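Visitor: One structure coming up, written as structure tokens, with questions to follow.
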Amino acid sequence: MNYAVITIPDFSLHALRRSEADLARKPVALIEGEGRKAVLVQVSPEALGVERGLAVPFAIARCPGIVLRTRDLKAETDSHRLLVAAAFSLSPRVEITGPECCTVDLQGANTEQTERAMRQGVADLMRMCLPARAGAGATPLLAHYA
């Protein structure tokens, strides 16, 4: 295990939900575009019957209580800092590979301590309402797949 990846799927949505506590357990979707061209780009699991790419009027028809929002860049910045801090808890060699993902070079790290630190980092992010995933592998790509 030479690399680790920590990622938060649907990062923008979870960052928003983290910043607005009243959105917890509600059907929420992030939209992009304006007017009739607006579509869903990220969807919470509670939004039954809707999926990414669906036009806003169809989403409202399928899930009448859905809360529609646009991205909140401040919330994303705050959540991104938490993700990066979790990555740096594993090693000082961190590459930010996207707003929702960090790749960590683990060469020379103690495997047992690293696995424990990965579990702890994911648990800490989960407690902060950021459902993170972590994986490790011989290459960054394998770590991402893990």
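Visitor: I'm trying to understand the selection: among the residues of the stretch 95-146, which are in contact with a strand residue (DSSP E or B) (Cβ under 9 Å, 6 or more places away or on another chain), open to solvent by less than 20 Å² (accessible area, probe 1.4 Å) and of a type in the set (A, V, I, L, M, F, W, C)?
Guide: Result: Cys101, Cys102, Val104, Leu106, Leu125, Ala132, Ala143.
Visitor: Which numbered condition trips up Arg62, out of (1) at pLDDT below 95; (2) more than 17 Å from Tyr3 (Cβ to Cβ); (3) open to solvent by 90 Å² or more (accessible area, probe 1.4 Å)?
Guide: Single failed check for Arg62: (1).
Visitor: Does Glu46 qualify as being of a type outside the set (Phe, Trp, Tyr) and exposed (fewer than 12 other Cβ atoms within 10 Å of the Cβ)? Even if it seems obvious, please write down each step before you answer.
Guide: Values: of a type outside the set (Phe, Trp, Tyr): yes; exposed (fewer than 12 other Cβ atoms within 10 Å of the Cβ): no.
No; evaluated as a whole, the condition is false for this residue.
Visitor: Output the residue which, of all residues in the stretch 66-94 that are over 30 Å from Asn110 (Cα atoms) and without any contact (Cβ under 8 Å) to a residue 24 or more places away in the chain, is least open to solvent (accessible area, probe 1.4 Å).
Guide: For the stretch 66-94, the residue satisfying everything is Thr77.
Visitor: So, one more: Which residues, taken from the stretch 1-23, are open to solvent by 50 Å² or more (accessible area, probe 1.4 Å), within 16 Å of the chain's Cα centre (by Cα) and of a type in the set (Gly, Ala, Ser)?
Guide: Ser19
The values are calculated or read from the model by the stated rules, or taken from the named source; none is laboratory data. Predicted model, so just to flag it, every value in this text is computed and none were measured. FYI the Cβ positions are ideal-geometry reconstructions off the backbone, even for glycines, and counts take in every protein chain you see. All accessible areas refer to the heavy atoms of the entire protein, side chains included, with ligands and DNA or RNA removed. Shrake-Rupley method; radii C 1.70, N 1.55, O 1.52, S 1.80 Å.
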